[in-house]
Structures are given as C-alpha cells and as structure tokens.
Amino acid sequence: MSAERQTQRDPRQRPERRDARAWAWAVRATPIGPLLLAATDEGLAQVVFHAEEKTAAEAVARLTRRLGAEPMAVSSAVPGSLPSADSANSTDSADSASAPRCAEHLAEAVRQVESYFAGDTKAFTLSLDWSLTAGFNRRVLRELAAHVPFGTVVGYQDLADRVGEPGAARAVGVAMGSNPLPIVVACHRVVESGGGIGGFGGGLETKRTLLALEGVLPQPLF
C-alpha cells in the first residue's frame with residue numbers, strides 16, 4: 001500500500017482538532033533522490049530528503065499530528081492540479097477555503113524545486129509556513145533565507161554573529177539540522193569557517209551535490 005493511501009485510510013489516526021489546517025504533500029524525484037514537499041494554506045511547510053515510501057509515510061504521519069488534519073490528495077501535485085472532492089471531504093475540520101491555497105502553494109513549490117535542479121531557478125520566491133520551527137532556530141533560518149543567496153556560503157560562527165548571538169555557533173549547527181525547509185532555506189550553504197564542509201541532515205554527499213550545483217565547493221571538501 002502506498003504512503004498516500006495509508007495515511008488517508010488508517011483508522012487509527014487521531015480525530016482532527018478544531019485548529020486543524022488543510023495541507024497537501026507530494027514526492028518528486030530529483031538528482032539527490034526523492035524529496036517530499038508539504039504545504040499548508042500559508043505556504044511550503046516542509047521538505048524531506050530521501051523520501052522513499054517508509055520515510056515518506058513517517059513524515060506524513062508526523063505532519064498529520066502536528067497540523068491536526070489528514071493530508072489532501074492533490075493528484076500527485078502536478079503543477080496546476082487541485083484537490084478532488086473526495087480529498088477535500090477528508091479535511092472537514094480544516095478550513096475548506098484553504099484547500100485550494102495549500103494545493104496551489106504545493107504546485108508552485110514543486111515547480112520551483114524542479115526548476116532549481118534544472119539550473120534555472122537561482123532564488124526561490126515561495127510563500128513559506130514557518131510554523132514547524134520557532135525561537136532561535138527560526139531567527140537563524142530566516143537570516144539564512146534572507147541574506148545568503150545562491151552561489152555563496154556562510155560560516156556557522158558568522159551566522160551566529162549576524163543574529164546577535166556570537167557564542168551560539170554550535171546552536172546554529174543544531175538549527176541547521178532541524179531545518180524543516182532544506183534546499184529552499186539553504187542550510188547546505190552553511191559551512192565551517194576553516195573551509196570544511198560541516199555537517200548536513202541530508203548527508204554529506206547531498207550537501208556536496210547541492211554546493212556543486214550552485215558552483216560553490218568550499219575547500220577542502222575531499
């Protein structure tokens with residue numbers, strides 16, 4: 001059974017909350033492996049690396065708990081597609097008016113991510129839902145998103161300095177590891193000040209591939 005069918009029909013899922021939010025997800029093949037993208041009415045909320053079936057199912061289950069509602073099926077998020085009537089009915093406790101918005105945000109995210117890997121998109125212009133991060137982590141990630149563009153890198157210490165926390169270089173590393181929006185909020189651009197590649201939640205080969213795609217490979221890498 002596919003992850004999508006399992007999450008829609010599992011009777012063990014908890015009831016939807018009053019504050020439930022409509023959301024949708026899709027998996028897309030990329031040069032770094034399958035990516036899961038999930039969007040709410042506010043925008044893209046999560047990107048998950050290595051989203052084979054088990055990983056995707058686990059990610060969807062976590063998001064279902066966090067967002068308080070079952071995901072909508074969006075015809076595999078083909079750009080321009082909208083949810084079916086059946087999938088819309090599966091999110092009764094969520095704002096039904098937000099259903100088309102989450103589908104549209106998802107379709108646009110799919111389009112821009114595919115364009116990025118094709119070498120055409122250098123800056124994402126997506127609406128983002130920051131609700132899966134908070135506090136210091138959100139501050140650091142917003143700084144990264146706003147001021148570290150395509151083709152550049154920044155050190156962990158430099159990023160800590162930029163948010164006014166010079167003693168928090170290690171905490172910056174933790175924030176990068178918990179980033180719910182990798183690639184779009186480009187934590188692969190954060191490297192060690194001495195020239196090393198640093199860590200990466202998606203794996204070092206993935207980080208090298210993304211930096212190579214952007215034409216930036218801080219030395220030494222190998």
* To do: Evaluate E = 1/(1 + (r/R0)^6) for residue 136 and residue 52, where r is the Cβ-Cβ distance and R0 equals 22 Å; express this FRET efficiency to the nearest 0.05.
  => 0.10
* Where Lys and Arg each count +1 and Asp and Glu each count -1, what net charge lies around residue 162 among other residues with Cβ under 15 Å from its Cβ? -> 0
* Structure fact -> residue 65 and residue 158 label points (each 7 Å along its Cα→Cβ direction) are spaced in nm at 3.8
* To do: Calculate, for residue 193 and residue 217, the FRET efficiency according to 1/(1 + (r/R0)^6) with r their C-beta to C-beta distance and R0 22 Å; round to the nearest 0.05.
  => 0.85
* Tell me, in nm to one decimal, what length is gained between residue 29 and residue 171 on full extension, where the rule is 0.36 nm per residue of separation less the Cα-Cα distance? -> 48.0 nm
* Give the long-range amide H neighbours of residue 45: residues separated by 5 or more places, or on another chain, with amide H under 5 Å away, using H modelled in the peptide plane at 1.01 Å from N. => 38, 39, 40, 129
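Read-outs: derived from the displayed coordinates by stated rules, not from any lab. Given the structure is predicted, the values throughout are model-derived calculations rather than measurements. Here Cβ is always computed from backbone atoms with ideal geometry, including for glycine, and neighbour counts include all displayed protein chains.
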